[in-house]
Amino acid sequence: MQGYYPLFTAIPLAAAFFNLLVCKLNQKIADYIAFIVTAVLAVMAVKMVFLAPFVYKVGNWDPPFGILLVSDGLSSLMLVVINVISFLAVIFSFKYMTTYTAKPKYYSLFMLMIAGMNGVVITGDMFNLYVFLEIASIASYALVGFGTGKRELEASFKYLILGGVASTAVLFGIAFLYSMSGTLNMPDLAAQLEVTTSPRALAFVIALFIMGFGLKASAVPFHAWLPDAHPSAPAPISAMLSGVLIKALGMYTIMRIMFNVIGRNTLVSTLIMFLGALSMVVAGLLALGQTDFKRMLAYSSISQMGYVLIGLGLAFNPEVDVLIASLALIGALFHLVNHAVFKSLLFLCSGAIEYRTGTRQLDKLGGLIKKMPLTGLTCSIGSFSIAGVPPFNGFWSKLIIILALLRAGYWIYGSIAVVVGFITLLYFIKLQRKAIFGAVPPALAKVREAPFAMVLPLVILAALCLVMGLAYQVVEDHLLVAAKDILLDKTAFMNLLTGG
Amino acid sequence: MFLYFLTLVLMVMGLYCLIAKKNIVKKIIGIVIMEYSINLFLILIGYKKDGIAPILLKNVSVEELTSRGVDPLPQALVLTSIVIGLGTLALMVAICLRIYEKYKTFDMSKINKLKG
């Protein structure tokens, strides 16, 4: 299995190019290629969870000269999230994307995006990370503008400009790190930075990375592109962007670089926690006033990412007790996984509703539980999960984060997290009341249930919401603990270089 | 040190162009200037006065190579970064043209369908 590790990027990259060639002959093949590729990737990703950590040397060059691919708890967790969600999004695309033209091009861009995200997650080299980050970003810029309407193009352009600034900041930071240490290899870099003599240069690098990756993760002062970009994309892509992309390109990179490469630091911890709290409150309040289904979900994504950031920030503080730091980190990682599940569920629901009713304005919808029972039910389950209603998964992750905050003595942040939980419940009740329940408007009298290929991923995701809530302990033992251990233990990460 | 400072000035100029100009073509030029300032910065990291190519030829001794040979890695990075920049630029220009087809203007303040 170790020798197959680079295939996580190689398979989708190859599929992206062959797809366009083969589809010159027959357009129908695109569906099958995308389905097979994502299915294979999802199975491989699930298998990776059960492997011990290892490093793969690309081209058999010894580190620190060659490029390393690192497999540890955190990478396997992210690989599972990325590949399972993308598999379900591809199933959803079969029917949904018939409303657009140029389906093969769509799948090719989709594959490029998966390749980029997988690459970001498995790489152990700073510059390699930048290259994959750009592959995933460029594919996502194009996908946001895929509809080529007025709104889509405007959103895509905004996203492109801000994403370009973020990439520039990241490259600047990487160049700075290279000039300080003379290496790009992450474990080696971590060892070099332990003995660094220029803390001010390091502070500048941290600022650049927080700006760059914060923009990709859309923490609040950098969030302006997300509410435009995510709703403008086709629904499966919105699900991928909100559910996976901001986590793989933003959250994962922040975690990996801050915890494993740079090391824990009190000042940066305060900054990240502040950004998290700001994201939660501002985006939560903005979501309350939205009347567009997908735009509300997009604001809610920013708000929920705030929870992840605040948990991370708490764990990043070296003065916090190890037990509390582990608790906060497990909460943050669990919320990250949960958010991937229920936010992609909700975006796919909005896609199914738009496919049948032709609108996503909440005022024009209503009573869909009678007309589209499965879509309505799964949408309700998703809303309950994200609002933190007990049997579902969102409840546990929010509870853990709040408990960790309170036990560490951050009363203000803890109470903000509780209040934002209520705000979340409030706007999802609004969404439910307007779209799913209530009277059916006369315009929607003839609406039918969405086709099978759309309902299937919805049902699977809704089941995951419930199962992950009930079997929370299993998820923690098999996925989260390994990821938390590697994040909190910088020396273990540095030892990968020699041990692998 | 002065050269490093100049790349920073170039980057800030690009950022200013990106923020202050309303024309989207000028915004694109701004982001390209920013990218190039980073490329110059990367090249400067590997720069050495009177440097030689880091290849061990017959008429070059090992001592001379280690003292005068330049660091080849930043040059490789810059090549990659230029190619990535080209990809982004192509996409930016393509989207810019499509925007002009739809809105009949390059003025960002008139391209405002998305609000809230």
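Every number here is computed from the coordinates shown, using simple stated rules; none is lab data. Not measured: the values here are computed from a predicted model. Counting neighbours? That spans all protein chains shown, and the Cβs are built from the backbone with ideal geometry, glycine included.
Ranked by how many other Cβ atoms sit within 10 Å of their own Cβ, fewest first, the residues B:86, A:275 fall in the order B:86, A:275.
Measuring spread by the Cα atoms of region A:290-492 yields a radius of gyration and Dmax of 18.3, 64 Å.
When only alpha carbons are used to place a centre, region A:273-346 and region A:22-62 end up 29 Å from one another. If R0 is 30 Å, the Cβ-Cβ spacing of residue A:425 and residue A:470 corresponds to a FRET efficiency of close to 0.90.
Using a Förster radius of 30 Å, what is the FRET efficiency between residue B:52 and residue A:61 based on their Cβ-Cβ separation? Nearest 0.05, please.
Details: r = 24 Å, r/R0 = 0.80.
Calculated value: 0.80.
Kindly put A:38, A:148 in sequence by how many other C-beta atoms sit within 10 Å of each C-beta, fewest to most. Spell out each step's value before the answer.
Working: A:38 26, A:148 16.
The most exposed by this proxy come first: A:148, A:38.
Between the amide H of residue B:69 and those of B:52, distances stay under 5 Å, these residues lying 5 or more places away or on another chain, with hydrogens modeled in the peptide plane. Unpaired Cys in chain A, meaning no second Cys C-beta under 4.7 Å: A:23, A:465.
For chain A, the longest principal axis of the Cα atoms and the long axis of helix A:293-316 meet at an angle of about 20 degrees.
Simple spin-label estimate for residue A:433 and residue A:407 gives 3.7 nm between the two label positions (7 Å along the Cα-to-Cβ direction from each Cα).
Residues in region A:351-381 near a label at residue A:443, defined as backbone nitrogen under 20 Å from the 7 Å Cα→Cβ point? Residues A:351-372, A:376 qualify, since their backbone N sits under 20 Å from the label point.
In chain A, inverting the average of 1/r over every pair of distinct C-alpha atoms gives 22.5 Å as the Kirkwood radius. Note on residue A:20 and residue B:16: the model spin-label points, each 7 Å out from Cα along the C-beta direction, lie 3.9 nm apart.
Can you give the extra length, in nm with one decimal, that the chain gains between residue B:26 and residue B:101 once fully stretched, where that is 0.36 nm per residue apart less the Cα-Cα distance?
This chain segment gains 25.2 nm when fully extended.
With respect to chain A, whose longest principal axis is taken over its alpha-carbon atoms, helix A:150-181 is tilted by about 10°.
Here the Karplus curve 6.51 cos²θ - 1.76 cosθ + 1.60, taken at θ = phi - 60°, turns the phi angles of region A:66-72 into couplings of x, 8, 9, 10, 10, 10, 9 Hz, with x standing for Gly and Pro. Scattering from region A:234-354 was approximated by placing one identical point on each alpha carbon and applying the Debye formula without solvent; log10 I(q)/I(0) at 0.12, 0.13, 0.16, 0.19 1/Å stands at -0.45, -0.52, -0.75, -0.97.
For residue A:32 and residue B:86, what is the calculated FRET efficiency with R₀ set at 41 Å and r taken between the beta-carbons, to the nearest 0.05?
Values: r = 33 Å, r/R0 = 0.80.
With a Förster radius of 41 Å, E is 0.80.
Using only helices, what value at 222 nm comes out for chain A when you add -39,500 (n - 2.57) per DSSP H run of length 4 or more and divide by the total residues, to the nearest 500 deg cm²/dmol?
On the way: 22 runs with 355 residues, N = 500.
The helix-only estimate for chain A comes to -23500 deg cm²/dmol at 222 nm.
On average, how much area does the Cα convex hull of region B:2-109 cover when viewed from any direction, in nm²? For region B:2-109, averaging the hull's shadow over all directions gives 8.3 nm².
Check chain B and count each lysine pair with an alpha-carbon distance under 14 angstrom, considering only pairs eight or more places apart or from different chains. Write out the running numbers ahead of the final one.
Numbers: B:21/B:110; B:22/B:110; B:102/B:110; B:102/B:113; B:104/B:113.
For chain B, qualifying lysine pairs total 5.
Is the C-alpha gyration tensor of region A:1-95 telling us rounded, prolate or oblate? Criteria: a/c under 1.5 is rounded; beyond that, a/b larger than b/c is prolate, otherwise oblate. Oblate is the answer for region A:1-95, as a/c is 1.5 or above yet b/c matches or exceeds a/b. The string of couplings for region B:48-53 from the Karplus curve (6.51, -1.76, 1.60, θ = phi - 60°) is 9, 5, 6, x, 10, 5 Hz, one whole number per residue in order, with x for Gly and Pro. Against chain A, whose longest principal axis is taken from its Cα atoms, helix A:393-407 shows a tilt of about 40°.
Region A:411-435 and region B:61-116 have Cα centres lying 40 Å from one another.
What does the C-alpha gyration tensor say about the overall shape of region A:386-456? Classify as rounded when a/c is under 1.5, otherwise prolate if a/b is larger than b/c, or oblate.
Numbers: a/c = 5.25, a/b = 2.36, b/c = 2.22.
Judged from the Cα gyration tensor, region A:386-456 comes out prolate (a/c at least 1.5, a/b above b/c).
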